[in-house]
Structure formats: C-alpha cells, structure tokens
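Q: I have a structure here, written as structure tokens, and I will follow up with some questions on it.
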Number of protein chains: 4
Amino acid sequence: MVLAAKIVGPGNLEVQDFPYTKPGPNAVTIKVEMCGICGTDKHTFRGENTQYGGRPVQYPIIPGHEILGKILEIGSREEPLTDYYGSPLREGDRVIVLPNIGCGKCYYCKHGFPPYFCPDTVDYGNLLNCNKPPYLFGGWAEVMYLLPGTTLFKAPDSMAPEIAVLTEVFAVTASLDKAKEFCTVANEGFRFGDTVLVQGAGPIGIAHLVKAQMLGAGRVIVVDKSDYRLALAKELGADYVFNIDELGLNKLLKSVMDITNGLGADVVVECAGVPEAIIQGLEFLRVGGMYVVVGIFVSLGEISFDPHRLILAKNARIIGIGGDEPTSYGPSMQLMAKWANFLPLNKIVTHRFKIADAKLAIQQALDLNSCKVVFEP
Amino acid sequence: MVLAAKIVGPGNLEVQDFPYTKPGPNAVTIKVEMCGICGTDKHTFRGENTQYGGRPVQYPIIPGHEILGKILEIGSREEPLTDYYGSPLREGDRVIVLPNIGCGKCYYCKHGFPPYFCPDTVDYGNLLNCNKPPYLFGGWAEVMYLLPGTTLFKAPDSMAPEIAVLTEVFAVTASLDKAKEFCTVANEGFRFGDTVLVQGAGPIGIAHLVKAQMLGAGRVIVVDKSDYRLALAKELGADYVFNIDELGLNKLLKSVMDITNGLGADVVVECAGVPEAIIQGLEFLRVGGMYVVVGIFVSLGEISFDPHRLILAKNARIIGIGGDEPTSYGPSMQLMAKWANFLPLNKIVTHRFKIADAKLAIQQALDLNSCKVVFEP
Amino acid sequence: MVLAAKIVGPGNLEVQDFPYTKPGPNAVTIKVEMCGICGTDKHTFRGENTQYGGRPVQYPIIPGHEILGKILEIGSREEPLTDYYGSPLREGDRVIVLPNIGCGKCYYCKHGFPPYFCPDTVDYGNLLNCNKPPYLFGGWAEVMYLLPGTTLFKAPDSMAPEIAVLTEVFAVTASLDKAKEFCTVANEGFRFGDTVLVQGAGPIGIAHLVKAQMLGAGRVIVVDKSDYRLALAKELGADYVFNIDELGLNKLLKSVMDITNGLGADVVVECAGVPEAIIQGLEFLRVGGMYVVVGIFVSLGEISFDPHRLILAKNARIIGIGGDEPTSYGPSMQLMAKWANFLPLNKIVTHRFKIADAKLAIQQALDLNSCKVVFEP
Amino acid sequence: MVLAAKIVGPGNLEVQDFPYTKPGPNAVTIKVEMCGICGTDKHTFRGENTQYGGRPVQYPIIPGHEILGKILEIGSREEPLTDYYGSPLREGDRVIVLPNIGCGKCYYCKHGFPPYFCPDTVDYGNLLNCNKPPYLFGGWAEVMYLLPGTTLFKAPDSMAPEIAVLTEVFAVTASLDKAKEFCTVANEGFRFGDTVLVQGAGPIGIAHLVKAQMLGAGRVIVVDKSDYRLALAKELGADYVFNIDELGLNKLLKSVMDITNGLGADVVVECAGVPEAIIQGLEFLRVGGMYVVVGIFVSLGEISFDPHRLILAKNARIIGIGGDEPTSYGPSMQLMAKWANFLPLNKIVTHRFKIADAKLAIQQALDLNSCKVVFEP
C-alpha cells in the first residue's frame, strides 16, 4: 500500500493508503523523495479552485507537482526510456517530473508552445484526480504513477534534495527569460543592470529574486508583509526589502522612487497571488517598464484601475505567465548548482514533513513564517 | 495677421487673428497646408483634459499636431537647416512636423527612447498654449511657429495632401512595429499571417488596419459602432467588419472565435479610446496573444476585471503605446505612397474645412459619419 | 503503374514506370497535381550533391519537394487524418506536403526547432531515394507515397495551382520573418520601411522580393544576371533591378549607395546560390544591417574575405537559413491569395511540363530565361 | 607640465612632457587615476593601424581609452556639468570617460545607435592625435583634456581602481546583451543555461567569461594558448579551459562536442583578435547557435571557408560588435561591484606601471603572461 495525502474538498485533507498499480505500457512509477507544497495547492485546499483561467479542480485530488523521485518500475516499452535530454533512464535513477503533458495535436502543441498552453493539458497534482485507479497522480505520496508521455529530467545524485526539489519552481522563472527576450537596445524588457522589484517573498518570489540575479539584474527590491520572508530574501541577495504592511503603500512607493532616481523599477514581478498586487505593481513600474504577472494562479476577484494612466501613458509592457516550460528544467538545475556557491539556496526549504503529518504541513505552509514547505515521504 | 482656431476651455472654440512673429534664432515658421483633427483634440474640446498620464491641458490652446506645411521663414542659424534624414531645407519646401521635442537630458532621451517618453517633452497643439507670443503652436492655423530643435520631415511634392497629412497618424502605428518586434518563432507578438482585430474604425483604427496589412497580417477584423466607418474599413482592406452595437458583445465574440478556429485573434489593437474596450479586447485575444493599447489617450475612468483570467491564464502580452516615433515618419510616407496603389488611402480624409469654419469642423469630427476631418487653411 | 522522373546519377535523368503501393497504416498516397523544380534539384542533377551541410544525396532519387496534390488513398488509422491546423482530410482533398519529418526525439525536435534542424530528418525528393518499395518519395511523379507522420496542409480548391505550388518556396521566406524577429527599435533586423536587396531573381529570389513587400519593405532592389528574370522582378514589385553582369560590381555598388543615401541596404538576402555572392552581399549592406544567407543550399567551394572589415567593423548581423518551417505554410497560402490582387503572382511559374518530358523540363529550369518550372503530371 | 606616453609610429613609443591647457568652454580636464592598455593599443604600437573598418590611425597619438580619473578643472558652462545619468559633477569627482563622441546628426546618431556606429565619431586614444594643442587626448598621461560633449560616468569612491578601470572593457560585453536580445523561446541567441565558449583569455575574453556568468550562462569554456591566462580564467569561473596550442584543433573540437552532448556550444565569442579564430569558432558552434565577433578590431588579413557548411547548413547567427555603448557603463560598474563578492575580479589587472615606464608596460602587455596591464600615473 502507498500512503498519500488527498484533498477531499475545501478545507478537508485526509491521509490514506492507496493500492499500488504496476506501470502499464509506456508508464512509469516513481518513489517520491521530496515534493513541495505550492501556492496553488494552498488555494486548492482553501477551495479557491477556479484555476488555469476557468478549469475547476475536481476533488478529490492528491496534490503535488514539485516532484523529486527515484524510478521504481518502468512499464513495457518499444524504445528505451530516456529523459528530456536523451539520457537513458533506469530503475533507481533520480528524476524530476514535468507536471504537464500536452495533447500534441492542438494549435499550441503544434506551434511550439510549452504544454501549459494546451487546452487539454494533463496536470499532475491538479487536474488529475484520485477517484479511480491508478489513483497516484500527485506528489504528496510515497509513490506516483506517471502516464505514458510524461517528461522526466534526470537529477544529479550529488544535488541536495532541498535544492533539486525547487527545479519546478525555478522553471516558472522562465517568466524572466521571457522578459529578457523582450529586451532590446531601446530599453524594452529586462536589461543587464536593471532594477527588478519582486512583489511577494514566498517560494515563487524568492525564486524570482534569485533568477533576477542569475540574469544580470542590477538591484533587486523585494516587498512582502512577512518579516520572516523578507529576512530570507535579504539572505538570498535582495538589495532592499520592504514590509508593505508596516510601511504603507505611499511610503513604499516613495522608497522605490528614491532608489530608482524617480523613475520606478524597470521590471516588476507579481509573485503575490492577490489581485490588488497588480495595481500596486504598475505604480512601482517605470514608464516603458515590464510587468510580469506570474503569481495569481487562481481567480480571486477583480481589480479596478485607469488604463490610460497605468497602461497607455505608462507605455507599460505586461506579460502573463501561466506555467513553466520543459526547456527550463535543465538550465534551472544547472544554475542552482552553480549559485549554491554564491547564495544559501538550501535555506529556501524551511520545513519538512512526513506524509502522515500532512495536516501540520499544510498549516505550516499557510503560515507566513515559512517559505517552501516540503514532504519527505 | 494669422487666422487660427483656439479652444478657450471645455466646449468653447473660437476663431481669432494672431500677430505673426518672425522666427528667432534656429526657429522656423511654416504656412500650414493641411492639418488633421485628432481624437485627442476632440477630448480637449470636450474638457477631457487629463492626458499623457496626468498632465492637464492648459487652456487656451491652438490644437493641431498632424501638420503638413511649407516653410515660410527660417530664423538665423549657424548650420544649414536639414530634415531628420539630413536633406537640406529651404523656404517653400514642403514638410511634416514632429509634434514632440525631447529635453535631450533625461533618462529617456539619453537611452534612445522616442521624445514622447520624455517627462519634459514639448508638444505642439497640446502642451504648448497660446497665451503668449509667438502664440502659434498648433496646426489649426494658417501659420505655425516652430521652436529651435523641432524635427521636420521633407514631404514629396508629388504626394497628395490628404495622404501626406496622415503621416503622423501612421507614425503612431509604430505600435504594430513594436508588436512585431516582440515576435519570435515561439509565437509572441505579431507574426506573418496573424489575425489582427482592430477595435475602432476612426482614423487611428483605419491607420492600424492599413498598417497591419503592410506588415503581413493574414486577416484583419475591424469592430466599430458606426456603419459609415465600417464601410470605409471594408474599402481599405478589412476582411471582416462588425458593428458591435448591432451585434452585441456575445455574438461578436462568437464571430471572432468562428473566424479564428476557436482561438481568438492573435493581435488585438485598442483604437477605440474608451476604457471598456480593453476588457472586450482581452476577451477577443487568443491565449498568448498580444494586446496593443494605443487609443485611450485621455483618462476616462476605470475598468474592472479578473487579472487571473484575462492576464495570467491567458498568458496575455499587453503593451501601451503613448505616442509616435520620429523614426516612423519617413517609412510611413514611403509605404503610404506604395499602398495608395493597392488601397484607396485617399478616402481616409472624409471632410475638409477652412479655419473660419472651425466650429463646423469639430462638430463633423465628433460625428461618427466621418473619418479624418482636416483643416485646409 | 505510376510514371516518375528519377535522377540516376549526375547528369542522368530517366522517366520510368513504378508500381503503385497501397498506403500502409498511417501512410497516405496522393495524386500529384503540380510539382516544382527547385534549385536544389538542379544541383542534384548536376552532381553537386553535398547538401545540408555534408549529407550526400544517395542516387537514384525521384526529386520534387514543392508538392501540390490530391489525396488518393488513406491507410488504416486509429484517429482521423487531419492537416497541420486540425482540419479533417478525406480522399480527394487538395493538399500541400511538408517535405521534412523530424525524429521527434533529438535536441532540436524537443526544443521547438523546425524539422529541417533535425539531424535525422526525413526529406522527400532529396534524402529518400527510390531503390526500394514503395519508391515514390518524390514529387516528379504522378503519385507520391507519404510516410506516417508526414505533415499536410489543406489547400483551398479556389487557389490557382501555379500559386498553390509556390507554398513551399514562400515558406522558405520565413527567413525574412526571422530577420523581422531580430528587429528592434534600435535598428536591428528588418524594420518597416527598410531597403531590402535581393541577390538573385530565380524563384527563391522572387519569393523573397514578394515577401519583403508583404512585410513592409520600403524599397526592394533585385540583382541578377538575367534580363528575363529582372523583367519578371520588376513586374512583381521590385523598385530597382540591376544586371550585375552588365553593370559590374563597382557600378552596382555605387548605385546601391546612391539609392540608400550612402548607407547601403538595411537587409540583403542571398538567393543566388553561389559562394561569391556572400562577399558582394556584405559590401551592399549598411553598417549594422542584416544579411540573410538562404540560397546556397549546396557546397560549391570557399570564399575569402577580411572579417574585420566585413563583420566586426560593419557590425554585421548574418543569419543562415537552412530550410522552411511548417508554421509558414498556412500564412504563405493566405498571403499569396491576398497579394495576387496586388501583384501578378501567377507569372512566377513560367513553364509547365509533363513527367514524360522531364529532360526538357530540367533543361528549361537550367536556362536563365525561366523562373519557376513545374511538372503537371 | 604633463607626462604622457605617445606612439610616434610603428614600434616607436616615447615618454614626453606636454603643456597643460586649461579647459575651454564646456570642456573638462581630468587627472588620470588609472588607464588600461587595450589590445587595440597594442595593434597601434605594432603598426597594425587599419582599424574601425578602414580608418587609419594618424600617428603620433597618446593611446589610452580605458580611463579612470578625477575631475581637475571644468571649463565655463551655461548649465551645470552632469554625468550620463544626470548626477552633478564637481572638481575632484571620480569619473569614467566614454571614449567616443557621436556627431549627433548622421543617420546612426539620429536612429539611436551608440556613437561607435557614427562615421564621424571622435575617439580618445585612437582617432585623435597629439599633434596640436591641447594634445592630451589619450589616457596614457597624467592629465587628459576632454572636449565638449564628452560623456562621463561618476564612479563610486569605494570601488577599487583595478575594478573601476575595467568599466570600458566590460561595456564592450554589451555584445552578450545583444546576443541575449536575439534570444527567443525558439532558441535563438544566448539563453539561460546555455554553454558559452570564449575564444581568447585576454582582458576582453576574461570580461566576456565574467559577463556570460552574469547573464546566466550554464557553462563557460575558455580557449587560449597561454596557460597563465587559462589559470586566471579558471579562477574567474570558467568551467573548462583548454590550451589550443597544446591540444590541437581536432582534440579541442572533440572535447567541446563531448561537453555539449555532440551539439557544440550555443554561443561562441571571438575575443582572440586573429582572423583564423573565426573559422575555428564556427566549428565549435551548434547548429542554430550564435557567433559573436568582438575581438578582431584591426585588419589582419583574410579567412577562407565554405559558406554553405558554416553559415547556411549550420543556420548560424553571426554578429559583429565594433565598440561599446554608453548605456552599458552604469550597469557594468554596478554588476562588477556585486560580482566582486563572488569572483576575484581584482585579479584581472595583473600589472601596473608608471607613465615613465611606458616601454616596459607595453612589453608586458604584449607578453602572454599577463592579463590587463595598466598605467597608474
């Protein structure tokens, strides 16, 4: 039997034994080594389940899509199993799992978009529920069942699990690579030396703080309402941290303007997950700056603002990023390994739990005195 | 004396004689051949004068920044007068006037941004009022006075005035060049063959309709509430035109989805000038599409929407374009001349008035049964 | 039996009957309606067979990869046959064939590159020879056999065959979309209004001439040594045509500089297929301009030049384009249909032959008094 | 009197006293704190003086354009002196000097290109000779005379001179920002995690090694023929260093392929300054990779290669970078300050000399057992 944590419905988490199913043709099972609790999982727990632009989560589900594991069994196959980069995979190999599988046939799959664009995407720990065998479609479990077509990334044995488990989170920061793609000599996007302001110092915010430095940010400003998280941000290289609850929006805005010679931040990244962050974020942005919306993964209501002032007259460039890209996993692992020499990346995981303690784990994750909370089955 | 039309205050337009001032050192005067009435001018007339992200218009002003004229007198100079491309300019030469002058010292001027980014930009027909000599800082006049540093573009004598006068309007469509710059193989921005939807068939909308074709749009859909303007859009190459008032938003949205195989338009351009257009525009947009906000030049209130659904989950790319670029004037003239062979560009100017009839002119411009209304002093 | 033309070896073309093979699972057969003779085919005929960066053509082959046909038979399938855009396909439907099939597993296929990047790409009319059943892997035949995984594009019945057959050629001009992608406000790549110089007025050159106009070129200059082809270029919108053999390089260079105010062309496209064109092309280019190498599909020897002068000091941007992209086929068809109203695209096909007259056809294609020569089986 | 080193002609260096000239209107004089010896200076010394695409150096000149100094006197001005970012400048302030001044009128200056594109650019230490008063137009001197219009950058007092003096060298690495600008999801340019190969471990090569890391390179490979320099590269973060003279080209190529799974480097940067490096560099490059030519600042002869194989079939993207951009100076200083915490940037300057010892200094700079050699007047 396999122990797993499932969300039965809003606010209702249970730990349960599921039967193990041997992998069918082209499927794989893995033993979970570590799996993170994502902000989306917290929304799912709270019942905020209009996600991915309208698709409702179908309870019950086993959450968990930030997955580090070891291959347990490989189903029958015509061709040998390989990872995304073509490396052969065998039982016992350590892997990261890409949580999405695209349909391969739609406009987006045909045109080279990452699978999170696919309207029929399969999504571990979110859109696949645990009503039917083989049940084990989420990472908050001792074992996972991976469908044919799942993309795997070989993880080096030498990498600390608390860093390897962040690969999916760092892959989300392809948002900043995208911002960089929009960069031109004429000062679009995210340029070398730019001031980047990150709204929110949860795991996604911290990952963006680190990624901004990896890509050549000049200064990074981090805003949150938790001193615990801001202290962590400081340790991870933030040049300035501000507690928005203590300071208030006006003083914060003034501080940002002082730091930037009255211009505003060149790039602002919304990692706060609340609608009102977007209006604040556009205020922090310089004219012609780039605003990256990457945190608000769940529908939490509307915002209201003057589009003349905050979009047109500001010449704002705004990009929404709804997921992570397979092409980012390898580089994320590689660069986390390098930057672990420069910054204490091992401190991003702040709390570890067993599956049996799932209720404690989700409470800890909801507490602002934590950053990344993980399961270690 | 020089006859000019001035807006004294909201709703209050007068025609008046101003004294002529000979140009001082490095200044120039021009005889206006033709000058357009812009949507911004209509807002100024209506008293909607919070423009350019907060700077209020200081009445009284002589409006008019879409200016075609002939050089009347050239003030004393150390070096010969040349146009933007280095062509020598003499009295009698036909020119287009760039309405903005940047300060040359600020962050934006130093970093190669166009002058409309400059916080201290000088702006003919808008930010310069007519309280003091030399008064004549707008194009709704027989003569204009151009300050030192004004950029001029030589216009070919062979070009019909009703096409040459559109140069500034077409220069605004550098918005679509910007959208094209954001284009990548991975399907950002405005790609060859894309479906472009233009909201609003006033002069700016019509210019974007034409420019979209010039840049390789596959299909252009135009939405307006005036059948008069939609008929013009059809003549100017629109593949589909829809009257949103007749059809209603839901049926219109369904039509757009039918045309685009259920995806939505790849690029949507807001040329409607009203806040609610933005919410509608984001609905028309495909996932990962680009939304260009180029019409709402004046503050007209707030909009309210769910940023999860319309930005993040949609992976929207939104760019605000607050003006036109000097680099676009030459290419705009060149390509209008070419495309006049393919499409009846001469029909975009629908009504012509003398300065003395300025009240009639502004009424005609406010009437939806017109497109570009111009003064022919 | 199926009549086809095969190249047995250098200079040796034969017409032969092949047996027809019914399509196996997931395969398709088509009746060829029209198929072009490409420059690469001419090289193959001449024995210049080090193509695609080193892979030698393995004679005998049935050439032909510019293929318009009608579906003859569809092999057994689990899912219905659809085209690239998801349109259902039935027997009798008119289709364009994508000549390449990627392996789906390599670095390039995994990272969203078009299949011509794939080192194991399958290539109709070039890398697949006709030694074994089902033989019919080229378009110079009455019927073709298409392997499982072949990408098809539905062609409208209303489109003239002499235009539809150009779809693959136009898809190669994604080179200019790529040049446009490199465009920034700071004047990289191919901007609106730019001067584009096309070296060579064969079918690829003519396609680039038209595509440059479709994407907003200000002026197009075409250079060739055949007056026949230059006259065609003029009809298809070239602003200037020059016969390099008559004029000589120095006078030609002077003419280009005169047209461009001494700057040189913003974009130069090599469609000549000979190594020395590259050195000439870099001379025509303005400082900071973009040079697109898209014609030299076959190894024909080395060139020699000073990289300080022609690359570094010129701040040149040079891109090699080794094939066409599936994403370009639909837009190419759509825009050719539109532009057939503006320019006589139907004149690009200058000569038509039956398969039985293949020797005459190849001779005509080698003659500079032709542009696109096609088979009409 | 002011002591300075001048190159009288090829191989002929003299130290001489020049009279000091007080700065005229809008001019400035500075006391040189430190000035580097650039590769270009070494070419000038050797008599390899066809630089900048053809403009010959006019001996005698005082070389030196990597300039750190303190403001000595400020000539009369109408407006207060400020640095590029608007900070006020006073006598005694520490500054970096931008070596180029654009004309402000040509196509390139008008279109936002950096001044090194300007055909009439003024260039300290290179194009301005020392035949006439005020003579002091190079940094190998105790004092420099700066013409009106010279761009200055305030340098923080806290920055070690051996790091501040590298600002101009690092500004040249805007080449990699440019490579990054060309980056798209579809794998153009320089992406996060990419393998960057730097040819040459002189100061420019070392700067690119560091900059590649600042911008998110996954791995950096450095190739040189000096073990001294390769050891320095290793200390400054190179993942692999290879001595091409010891290893030979074939073994080196095999090593690069082994490191990159047989693909080749994603980005190769030519910092070697010799023509043959370009052919080798294209061999190291993966299909679709980006080649940056930034080292060959002087004409040293021709190279010969097959453009089919190394450009077209390789789908190469090649960019020549002929100088540095003012927009890069501030970010370079900022990021060098940050990275001095991660890597020993202070070791890049390996040797320091007095002006009086200029002959020893140039000999040391020509010796491969050095990296950056500087004057400390």
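Q: Could you say whether any residue in the range A:80-96 is over 30 Å from C:Thr82 (Cα atoms), out of contact with any Ser or Thr (no Cβ under 9 Å at 6 or more places or on another chain) and of a type in the set (Gly, Ala, Ser)?
A: yes
Q: Can you name the condition, by its number, that C:Arg229 falls short on among (1) under 17 Å from the mean Cα position of the chain (by Cα); (2) open to solvent by less than 10 Å² (accessible area, probe 1.4 Å); (3) in contact (Cβ under 8 Å) with a residue 60 or more places away in the chain?
A: The one condition C:Arg229 does not meet is (2).
Q: Give me a count of the residues in the range B:244-276 that are assigned to a helix (DSSP H, G or I) and of a type in the set (Asp, Glu).
A: Within the range B:244-276, residues that are assigned to a helix (DSSP H, G or I) and of a type in the set (Asp, Glu) number 4.
Q: Check every one of the strands (runs of 3 or more DSSP E) wholly within the range D:303-377 and list those with 1 or more residues that are of a type in the set (D, E, K, R), within 30 Å of C:Met290 (Cβ to Cβ) and out of contact with any Leu (no Cβ under 8 Å at 6 or more places or on another chain).
A: Passing ranges, in order: D:317-320.
Q: So which residues in the range D:70-115 are among the hydroxyl-bearing types (Ser, Thr, Tyr), within 14 Å of chain B (Cβ to nearest Cβ) and touching a residue at least 12 places away in the same chain (Cβ under 8 Å), if there are any at all?
A: Of everything in the range D:70-115, those that are among the hydroxyl-bearing types (Ser, Thr, Tyr), within 14 Å of chain B (Cβ to nearest Cβ) and touching a residue at least 12 places away in the same chain (Cβ under 8 Å) turn out to be D:Tyr84, D:Tyr85, D:Ser87.
Q: Same structure again: Would you pick out the residues in the range D:332-342 that are more than 8 Å from every other protein chain (Cβ to nearest Cβ) and either hydroxyl-bearing (Ser, Thr, Tyr) or open to solvent by less than 10 Å² (accessible area, probe 1.4 Å) (or both)?
A: Matches in the range D:332-342: D:Met336, D:Trp339.
Q: Collect the residues in the range A:149-183 that are of a type in the set (A, V, I, L, M) and closer than 30 Å to A:Pro23 by Cα, keeping them in residue-number order.
A: Correct list: A:Leu152, A:Ala155, A:Met159, A:Ala160, A:Ile163, A:Ala164, A:Val165, A:Leu166, A:Val169, A:Ala171, A:Val172.
Q: Moving to a separate point now. Being surrounded by fewer than 18 Cβ atoms within 10 Å (Cβ to Cβ) and either hydrophobic (A, V, I, L, M, F, W, C) or within 11 Å of chain D (Cβ to nearest Cβ) (or both) is the filter here, so list the residues in the range C:51-67 that pass it.
A: Matches in the range C:51-67: C:Gly54, C:Arg55.
Q: Right, another one. Considering only strands (runs of 3 or more DSSP E) fully contained in the range A:1-42, which possess at least 1 residues that are among the β-branched types (Val, Ile, Thr), within 20 Å of the chain's Cα centre (by Cα) and over 16 Å from A:Val373 (Cα atoms)?
A: A:2-9
Q: Among the candidates B:Ala231, B:Ala186, B:Ala201, single out the residue that is assigned to a loop (DSSP other than H, G, I, E, B) and modelled with pLDDT of 95 or more.
A: Result of the check over B:Ala231, B:Ala186, B:Ala201: B:Ala201.
Q: If A:Cys38 satisfies every condition in (1) in contact with a helix residue (DSSP H, G or I) (Cβ under 9 Å, 6 or more places away or on another chain); (2) over 25 Å from B:Lys314 (Cβ atoms); (3) open to solvent by 10 Å² or more (accessible area, probe 1.4 Å) but one, which is the exception?
A: (2)
Conditions (1) crowded, with 21+ Cβ neighbours inside 10 Å; (2) of a type in the set (A, V, I, L, M), marked per residue:
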| position | (1), (2) |
| --- | --- |
| A:Tyr107 | yes, no |
| A:His111 | no, no |
| A:Pro114 | yes, no |
| A:Pro119 | no, no |
| A:Tyr124 | yes, no |
| A:Leu127 | no, yes |
| A:Asn131 | no, no |
| A:Pro148 | no, no |
| A:Leu152 | yes, yes |
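Q: I'd like the residue in the range D:259-313 that is of a type in the set (S, T, N, Q) and within 26 Å of the chain's Cα centre (by Cα) and, out of all such residues, is farthest from the other protein chains (Cβ to nearest Cβ).
A: Checking each candidate, the answer is D:Gln280.
A quick yes/no check of all residues on (1) on the phi < 0 side of the Ramachandran plot; (2) of a type in the set (Lys, Arg); (3) touching a Pro at 6+ places or on another chain (Cβ under 8 Å):
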position	(1), (2), (3)
B:Arg309	yes, yes, no
B:Asp324	yes, no, yes
B:Gly330	yes, no, no
B:Trp339	yes, no, no
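Q: Here is a further query. Out of everything in the range A:343-377 that is buried (at least 17 other Cβ atoms within 10 Å of the Cβ) and within 14 Å of chain D (Cβ to nearest Cβ), what residue ends up being nearest to D:Val210 (Cα to Cα)?
A: The qualifying residue nearest to D:Val210 (Cα to Cα) is A:Leu343.
Q: Identify the residue in the range C:314-331 that is away from chain B (no Cβ under 14 Å) and free of Cβ contacts under 8 Å to residues at least 60 places away in the same chain and, among all such residues, is most open to solvent (accessible area, probe 1.4 Å).
A: C:Lys314
Q: Tally time: how many residues in the range A:260-296 are open to solvent by 30 Å² or more (accessible area, probe 1.4 Å) and touching a residue at least 40 places away in the same chain (Cβ under 8 Å)?
A: Adding up the residues that qualify gives 2.
Q: Okay, moving on. In the set D:Ala141, D:Ala160, D:Ala171, which member is open to solvent by 10 Å² or more (accessible area, probe 1.4 Å), in contact (Cβ under 8 Å) with a residue 40 or more places away in the chain and either farther than 20 Å from D:Ala358 by Cα or touching a Leu at 6+ places or on another chain (Cβ under 8 Å) (or both)?
A: Checking each option against the conditions leaves just D:Ala160.
Q: Is at least one residue of the range B:9-29 surrounded by 17 or more Cβ atoms within 10 Å (Cβ to Cβ), modelled with pLDDT of 95 or more and within 11 Å of B:Gly138 (Cβ to Cβ)?
A: yes
Q: Can you pull out the residues in the range B:68-86 that are among the hydroxyl-bearing types (Ser, Thr, Tyr) and open to solvent by 50 Å² or more (accessible area, probe 1.4 Å)?
A: Within the range B:68-86, B:Ser76, B:Thr82, B:Tyr85 meet the criteria.
Q: With respect to D:Val210, is the statement that it is in contact with a helix residue (DSSP H, G or I) (Cβ under 9 Å, 6 or more places away or on another chain), away from every other protein chain (no Cβ under 14 Å) and either open to solvent by 20 Å² or more (accessible area, probe 1.4 Å) or among the β-branched types (Val, Ile, Thr) (or both) true?
A: Considered against the rule, which asks whether it is in contact with a helix residue (DSSP H, G or I) (Cβ under 9 Å, 6 or more places away or on another chain), away from every other protein chain (no Cβ under 14 Å) and either open to solvent by 20 Å² or more (accessible area, probe 1.4 Å) or among the β-branched types (Val, Ile, Thr) (or both), D:Val210 comes out as no.
Q: Would you check if there is a residue in the range C:55-65 being aromatic (Phe, Trp, Tyr), in contact with a strand residue (DSSP E or B) (Cβ under 9 Å, 6 or more places away or on another chain) and in a helix (DSSP H, G or I)?
A: no
Q: Which is surrounded by fewer than 18 Cβ atoms within 10 Å (Cβ to Cβ), touching a strand residue (DSSP E or B) at 6+ places or on another chain (Cβ under 6 Å) and at negative phi, of B:Lys234, B:Lys254?
A: B:Lys234
The values are calculated or read from the model by the stated rules, or taken from the named source; none is laboratory data. Only a predicted model underlies this, so the values are computations on that prediction, with no experimental measurement involved. Every residue, glycine as well, gets a Cβ built from its backbone with ideal geometry; the counts of neighbours run over all protein chains shown. Quick note on the areas: whole protein, heavy atoms, side chains included, nothing else; ligands and nucleic acids left out. Shrake-Rupley method; radii C 1.70, N 1.55, O 1.52, S 1.80 Å.
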